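S.K.: Please read through the structure below; I'll follow up with questions.
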Amino acid sequence: MIGFNQPLPEIITFEIRHRKYKDLSCPSKYTDTMDKSGKKDLYEAPDYYLIDDLLSEEHKLIRSAARDWVKKELSPVIEDYAQKAEFPKHLIKGLGEIGAFGPTIPLEYGGAGLDYIAYGILMQELERGDSGIRSTASVQGSLVMYPIYTYGSEEQRRKYLPRLATGEMMGCFGLTEPDHGSNPGGMVTNIKDKGDHYLLNGAKMWISNAPFADIAVVWAKDEAGKIRGLIVERGMEGFTTPETHNKWSLRASATGELVFDQVKVPKENIFPEISGLKGPLGCLNQARYGIAWGALGAAMDCYDTALRYAKERVQFGKPIGAFQLQQKKLAEMITEITKGQLLVWRLGVLKTENRATAEQISMAKRNSVEVALDVARNARQMLGGMGITGEFSVMRHMMNLESVVTYEGTQDIHLLITGMDVTGLNAFK
């Protein structure tokens, strides 16, 4: 793993500049890219406390490439796909090319070997575009590639990780069940040892990427009641992935169920060295870290939209940004965004140094999503009636964040995690 603010080794710099990012590193290369309505993506990221000074040149290169990709490939199509409630599958290859899938995974397994600041930056840029697209990348990197790399056998790493890194293969993560969300230890999905294979039965719900995933990292209880991780491949008899429809949130993300009916899973597909909740919770920590950065990206996009609108929209003879109440909203937005940026930057330093705790990650996830929701709602009000249309991104962000605030731990759960950490008293039981 590369240390924060340390120069990237020559081989990795070469990979970033020539394999992953090619010549996408020119800032604002796609500023004039338009969506179908002819609207330009004019996004400019707020940096009130000059946090860019804390980033390395490699971090800025990675951010520039991701931002340009979002402007060129995502912004022109995302509103249309959200309106249709359809996932833009054609973007998968591009996500792989910019290193959004498993960026911290070592080069030898197809990853980019980057640090956690770089990972956070990538998630922030993607969620600036859309939470659903960031979710796709988060699931692939944090919930599929991370457990295979961390808990899997060498054979599993070699078999799956390189193809997952490019997007040639897509994965999903099966933990949540219809009756067990915030209490994953109560799961009923189970495996039984049948000699040369395991027999898997049960169901998982609210699974991002499920409808098109090639593999699923699934957590189930064995006959001793211990939670084990295993890799289930599409095509195994009895394994189905019905899609979840009628969502008002994450409409451009594919969500579904995982249903296991007497599925025969080869024993070589079991993670060999991990049992208990430590495995899935370790994955959730990875995903929550990415969300902490990502949700701020949505907040930054909403703020940027509201600020530009406030300068252009004239009422009572002057721009609405000249009125005190609108300035109050903008001032509060940029203050909370700046506090959040500093929080996730420091968390990124600790994460790269392998010193970040699960509780610190939990705090950042909760704070970032809360900030993003508040910013989105205030931005929506500032835009008036236009704020509910697809002409602007604000309402889409606002609806998406209603899912982000729930998955990977609700606000209440994260508050209790922090409360238990500071008091030493368990409020969960």
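No lab work stands behind these numbers, since they all come straight from the coordinates. None of these values were measured; they are calculated from a predicted model. All Cβ positions, even for glycine, are placed from backbone atoms using ideal geometry, and neighbour counts span all protein chains on display.
S.K.: Cα axis of helix 75-84 to longest principal axis of the chain: angle in degrees, 0 to 90, nearest 10?
M.R.: 60
S.K.: Consider all pairwise Cα distances in the range 69-121 and report the whole-number % of them above 17 Å.
M.R.: So the portion of pairs separated by more than 17 Å is 47 percent.
S.K.: Report ³J(HN,Hα) in whole Hz for each residue of the range 173-185, in order, from the Karplus equation J = 6.51 cos²θ - 1.76 cosθ + 1.60 where θ = phi - 60°; Gly and Pro get x.
M.R.: 10, x, 10, 5, 10, x, 10, 9, x, 6, 10, x, x
S.K.: Treat every Asp and Glu Cβ in the range 340-429 as -1 and every Lys and Arg Cβ as +1, leave all other atoms uncharged, and give the resulting dipole magnitude about the Cα centre to the nearest 20 debye. Don't skip to the answer; put the middle values down first.
M.R.: Numbers: 9 positive and 9 negative charges, 20 e Å.
Once rounded to the nearest 20, the dipole reads 100 debye.
S.K.: Using the Karplus curve 6.51 cos²θ - 1.76 cosθ + 1.60 with θ = phi - 60°, work out ³J(HN,Hα) for each residue of the range 409-423 in order, rounded to whole Hz, and write x for Gly and Pro.
M.R.: Ordered by residue, 3J(HN,Hα) equals x, 5, 4, 4, 4, 5, 5, 5, 4, 5, x, 5, 5, 7, 9 Hz.
S.K.: Could you tell me which of the pairs K89/K159; K311/K351; K264/K351 are separated by over 30 angstrom between their Cα atoms in the structure shown?
M.R.: K311/K351; K264/K351
S.K.: Let me ask something additional. What do you get for the angle between helix 278-312 and the principal long axis of the chain? Use alpha-carbon atoms, 0 to 90 degrees, nearest ten.
M.R.: Here the helix axis deviates by roughly 20 degrees.
S.K.: For each of H59, H90, count neighbouring Cβ atoms within 10 Å of the residue's Cβ, then give the residues from fewest to most. Mind showing how you got there, number by number?
M.R.: Numbers: H59 22, H90 10.
Listed from fewest to most nearby Cβ atoms, that is H90, H59.
S.K.: Which ³J(HN,Hα) values in Hz, rounded to whole numbers, follow from the phi angles of the range 326-343 under the Karplus curve 6.51 cos²θ - 1.76 cosθ + 1.60, where θ = phi - 60° and Gly and Pro get x?
M.R.: Coupling constants for the range 326-343: 6, 5, 4, 4, 5, 5, 5, 4, 5, 5, 5, 4, 5, 4, x, 4, 5, 5 Hz.
S.K.: I need L342, L122, L61, L250 ordered by Cβ neighbour count within 10 Å, fewest first.
M.R.: Going from sparsest to densest Cβ surroundings: L342, L61, L250, L122.
S.K.: In what sequence do H397, H245 fall when counting other Cβ within 10 Å, fewest first?
M.R.: Result, fewest neighbours first: H245, H397.
S.K.: Taking a ≥ b ≥ c as the square roots of the eigenvalues of the Cα gyration tensor of the range 171-269, is the shape rounded (a/c under 1.5), prolate (a/b larger than b/c) or oblate? Intermediate values should be presented prior to the final figure.
M.R.: Details: a/c = 2.43, a/b = 1.51, b/c = 1.61.
Oblate.
S.K.: Could you work out [θ]222 nm for the chain from helices alone, using -39500 (n - 2.57) per DSSP H run of at least four and dividing by all its residues? Round to the nearest 500 deg cm²/dmol.
M.R.: Using -39500 (n - 2.57) per qualifying helix, the result is -14000 deg cm²/dmol.
S.K.: When all C-alpha to C-alpha distances in the range 365-404 are sorted into bins of 10 Å, what percent of pairs does each bin hold, rounded to whole numbers?
M.R.: With a bin width of 10 Å, the distribution comes to 34, 52, 13, 0.
S.K.: The range 222-271 to the range 52-115: how many Å between their Cα centroids?
M.R.: Spelled out, the Cα-based centre of one part sits 26 Å from the other.
S.K.: Express the relative contact order of the range 171-269 as a whole percentage, based on alpha carbon pairs under 8 Å and six or more residues apart in sequence.
M.R.: For the range 171-269, the relative contact order is 33 percent.
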